[in-house]
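The values are calculated or read from the model by the stated rules, or taken from the named source; none is laboratory data. Note that this is a predicted model, so its numbers are computed, not measured. Positions of Cβ are backbone-derived with ideal geometry, glycine not excepted, and every protein chain shown enters the neighbour counts. For the accessible areas, the whole protein counts, side chains as well, though only heavy atoms, and no ligand, DNA or RNA atoms are used. Shrake-Rupley method; radii C 1.70, N 1.55, O 1.52, S 1.80 Å.
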Amino acid sequence: MESVIIPSLLGALIIAIGIVNMKGNISTIKRYHRHRVTEEDRLPFGRLVGLGNVIIGVSLILFCLLSYISNKLQGNICTIIGSVILIIAVIAGLALNIFAMIKYNKGIF
């Protein structure tokens, strides 16, 4: 049970940070990226980065839920489905974050 609770809490924390970013507060983002974004681009940048974080957080919670169901049913299909969803969502979320950094920061480094 603990193996489901801790990742779920991490997913909820990532979602909360994403929502904060989506509202235009980018204080949770690395200082380098905060200072390179112009004032008028703060909200669109925060929305893209926040959306990427929300996608990752939701997929983590969904994976935990499917893993819990899989353990109760004594099968592996739910865990496999959850793993596929998690991998795709993490790639999509990171791609969205990198896209936002390239678009509004003119680079990721």
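Cross-link partners for Lys23 among the aspartates and glutamates, with Cα-Cα distance under 16 Å and sequence neighbours closer than 8 places in the same chain left out: Glu39, Glu40, Asp41. At a 1.4 Å probe, what is the % contribution of carbon and sulfur to the accessible area of the chain? Roughly 72 percent of what the probe reaches on the chain is carbon or sulfur.
Would you mind getting the accessible area per residue of the chain, heavy atoms of the protein chains only, 1.4 Å probe, in Å²?
Per-residue accessible area for the chain comes out at 62 Å².
Can you give the percent of C-alpha pairs in the chain whose distance is more than 15 Å? Here the long-distance tail beyond 15 Å is 64 percent of all Cα pairs in the chain. The Rg/Rh ratio of the range 1-63, with both radii computed over alpha carbons and Rh defined as the Kirkwood radius, is 1.09.
Net charge around Ile102, counting only other residues with Cβ within less than 13 Å of its Cβ (Lys, Arg = +1; Asp, Glu = -1)?
+2
Here's the list of lysines a cross-link from Lys30 could span, going by alpha-carbon distance under 22 Å and ignoring same-chain residues fewer than 8 apart: Lys103, Lys106. The calculated 222 nm mean residue ellipticity attributable to helices in the chain amounts to -28000 deg cm²/dmol, summing -39500 (n - 2.57) over DSSP H runs of n ≥ 4 and dividing by all residues. The convex hull defined by the C-alpha atoms of the range 63-109 has an orientation-averaged projected area of 3.6 nm².
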